1. Look at ASP284 and say whether it is over 30 Å from ARG366 (Cβ atoms), of a type outside the set (Phe, Trp, Tyr) and either at pLDDT below 90 or assigned to a strand (DSSP E or B) (or both).
2. Identify the residue in segment 113-156 that is touching a helix residue (DSSP H, G or I) at 6+ places or on another chain (Cβ under 9 Å) and not in a helix (DSSP H, G or I) and, among all such residues, is surrounded by the fewest Cβ atoms within 10 Å (Cβ to Cβ).
3. How many residues are within 30 Å of LEU115 (Cα to Cα) and of a type in the set (Asp, Glu) when one looks only at segment 235-284?
4. Does LEU270 satisfy the condition of being of a type outside the set (Phe, Trp, Tyr) and within 30 Å of ARG81 (Cβ to Cβ)?
5. Are any residues in segment 163-199 of a type in the set (D, E, K, R) and within 29 Å of ALA143 (Cβ to Cβ), and if so, which ones?
6. Can GLY300 be described as in contact with a helix residue (DSSP H, G or I) (Cβ under 9 Å, 6 or more places away or on another chain), surrounded by fewer than 17 Cβ atoms within 10 Å (Cβ to Cβ), touching a residue at least 40 places away in the same chain (Cβ under 8 Å) and not assigned by TED's automatic domain parsing to the domain that holds ARG393?
7. In the list VAL159, VAL107, VAL95, VAL101, which residue meets the criterion of being β-branched (Val, Ile, Thr) and either part of a helix (DSSP H, G or I) or farther than 30 Å from ALA213 by Cβ (or both)?
8. Looking for something under 30 Å from VAL192 (Cβ atoms) and either in the same structural domain as VAL219 (by TED's automatic domain parsing) or under 46 Å from the mean Cα position of the chain (by Cα) (or both) - is there at least one such residue anywhere in segment 151-169?
Amino acid sequence: MPPTEPQPPAAPRRPRRWLGTVIALVGLALLGALAWYLTHRPAAAPVAGAAPPGAGMPGARGAFGGRGGALASTVAVVRARRADVPVLLDSLGTVTPAATVTVRPQVSGVLAQVLFTEGQMVTKGQLLAQIDARPFELALMQATGARQRDEAQLQNARVTLERYRTLLQQDSIARQDVDTQEALVKQLEGTVTTDRANEGTARLNLGYTRITAPVAGRVGLRMVDAGNLIGTTDANGVALITQLTPIDVQFTIPQDRVQEVMQRLASGPLPAHAYDRTRSTLLDEGRFATLDNQVDTTTGTVKGKARFANAKGMLFPSQFVNLQLELRTIADAVVVPVSALRNGASGDFVYVLNDDKTVSQRTVTRGPASADRVVIASGLQAGEPVVTEGADRLKDGASVQLAADVASAPGHAASRPRGASGPDGASSPRGAASRPRRGERASEPSN
């Protein structure tokens with residue numbers, strides 16, 4: 001067989017490369033067309049008989065609210081009003097008892113009786129425990145006997161001295177004997193004084209066998225049981241008593257407001273209110289008591305103390321509370337909800353609703369604020385409507401629609417009877433639009 005001639009190499013398949021490039025370009029074109037369609041597709045046709053948003057509302061500018069064709073934002077509006085606003089100083093405080101006493105025995109002995117129960121409220125002077133008193137009674141008897149013996153010797157020495165003085169006047173006795181007798185009388189007088197002190201000490205020790213409460217308050221857990229030998233060096237003692245009425249709250253005041261507090265104290269007592277950690281329950285009302293004498297350089301604050309009667313026992317030692325001091329009251333101030341005040345590059349401002357259903361951005365000066373309202377010192381008058389909800393999407397001159405008008409518009413879920421179906425046939429939740437959210441206060445309707 002003749003040898004096979006070598007075949008020339010195959011030409012490159014260029015058409016396939018061009019085909020892949022064309023397919024890629026077509027795919028990119030389709031993706032661009034799909035993106036354009038999704039961003040520029042026309043709005044859905046309105047349901048027959050349904051009014052476009054904003055139609056029929058006073059001052060409405062068509063379905064899209066007027067300027068630039070932008071949709072009108074739905075907002076809630078409240079009118080600024082005048083009220084008396086207290087200026088409060090809030091601080092976190094710790095309840096501290098007015099007195100905490102560890103009751104320790106003042107004499108050593110066997111504990112015979114324990115006359116209190118754990119957690120009991122006791123009064124000042126109430127008997128808490130009894131130490132075996134028999135050794136102390138005997139010591140008192142011994143001291144009394146020694147005193148009586150020395151008093152008898154003193155009396156005899158005084159009688160003898162009087163006789164010696166009479167004989168000295170008759171020149172029947174030496175002067176030295178009289179002086180010696182006088183010295184004996186003085187010695188016996190000193191002995192009797194010592195005996196009386198010893199007797200008093202024995203009587204005092206006998207009284208110390210009765211362990212009483214030095215202050216009124218609540219007794220803590222029992223430290224020792226009857227039958228144990230106790231002494232003055234016991235660290236735990238017999239009981240721990242904490243005074244609860246009255247009771248103090250210790251807190252801190254910023255150093256920048258110390259002068260304000262001092263000026264308020266000059267005009268009379270400063271009321272104080274103690275709330276729980278959630279600021280929802282008033283525990284007790286009291287008065288500011290005192291300030292510390294120096295500023296804590298690490299925190300820039302000054303320690304203060306307020307005293308409360310604690311008649312209901314709501315304050316407990318070492319409890320954390322929120323303390324409020326009512327420094328003064330701003331009478332007839334213009335106030336708005338806290339949610340109406342905004343802050344921007346130019347400072348604090350509010351959105352004021354105009355008659356044509358547009359809003360104007362107005363710069364204001366804020367004053368003291370509470371948990372739900374803030375004082376407007378300048379820039380706003382009482383009665384002007386301000387936006388409280390929906391202001392995040394607004395700018396100066398924007399068109400708005402009121403939430404109350406939207407809720408009352410025909411075809412809105414809130415205007416239909418309970419259980420009625422919407423335009424798409426779905427039932428609206430029961431009371432979903434008319435029931436306020438939890439924790440929301442009902443505001444007066446604004447015109």
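The values are calculated or read from the model by the stated rules, or taken from the named source; none is laboratory data. Computed from a predicted structure; not experimentally measured. Don't worry about glycine lacking a Cβ; one is built from the backbone with ideal geometry, like all the others, and counts go over all protein chains shown.
1. yes
2. My answer is ALA133.
3. Of segment 235-284, the ones within 30 Å of LEU115 (Cα to Cα) are 235-248.
Within this subset, residues satisfying the condition of being of a type in the set (Asp, Glu) are 248.
Final tally of qualifying residues: 1.
4. Values: of a type outside the set (Phe, Trp, Tyr): yes; within 30 Å of ARG81 (Cβ to Cβ): yes.
When the stated conditions are applied, LEU270 passes them.
5. Within segment 163-199, GLU182, LYS186, GLU189, ASP195, ARG196, GLU199 qualify.
6. Values: in contact with a helix residue (DSSP H, G or I) (Cβ under 9 Å, 6 or more places away or on another chain): yes; surrounded by fewer than 17 Cβ atoms within 10 Å (Cβ to Cβ): yes; touching a residue at least 40 places away in the same chain (Cβ under 8 Å): yes; not assigned by TED's automatic domain parsing to the domain that holds ARG393: yes.
For GLY300, the condition - in contact with a helix residue (DSSP H, G or I) (Cβ under 9 Å, 6 or more places away or on another chain), surrounded by fewer than 17 Cβ atoms within 10 Å (Cβ to Cβ), touching a residue at least 40 places away in the same chain (Cβ under 8 Å) and not assigned by TED's automatic domain parsing to the domain that holds ARG393 - is met.
7. Values: VAL107 fails: either part of a helix (DSSP H, G or I) or farther than 30 Å from ALA213 by Cβ (or both); VAL95 fails: either part of a helix (DSSP H, G or I) or farther than 30 Å from ALA213 by Cβ (or both); VAL101 fails: either part of a helix (DSSP H, G or I) or farther than 30 Å from ALA213 by Cβ (or both).
Just one listed residue meets the conditions, VAL159.
8. The initial filter retains those residues of segment 151-169 that are under 30 Å from VAL192 (Cβ atoms), namely 151-169.
Then keep just the ones that are either in the same structural domain as VAL219 (by TED's automatic domain parsing) or under 46 Å from the mean Cα position of the chain (by Cα) (or both); that gives none.
The answer is no, given that none of the residues of segment 151-169 is under 30 Å from VAL192 (Cβ atoms) and either in the same structural domain as VAL219 (by TED's automatic domain parsing) or under 46 Å from the mean Cα position of the chain (by Cα) (or both).
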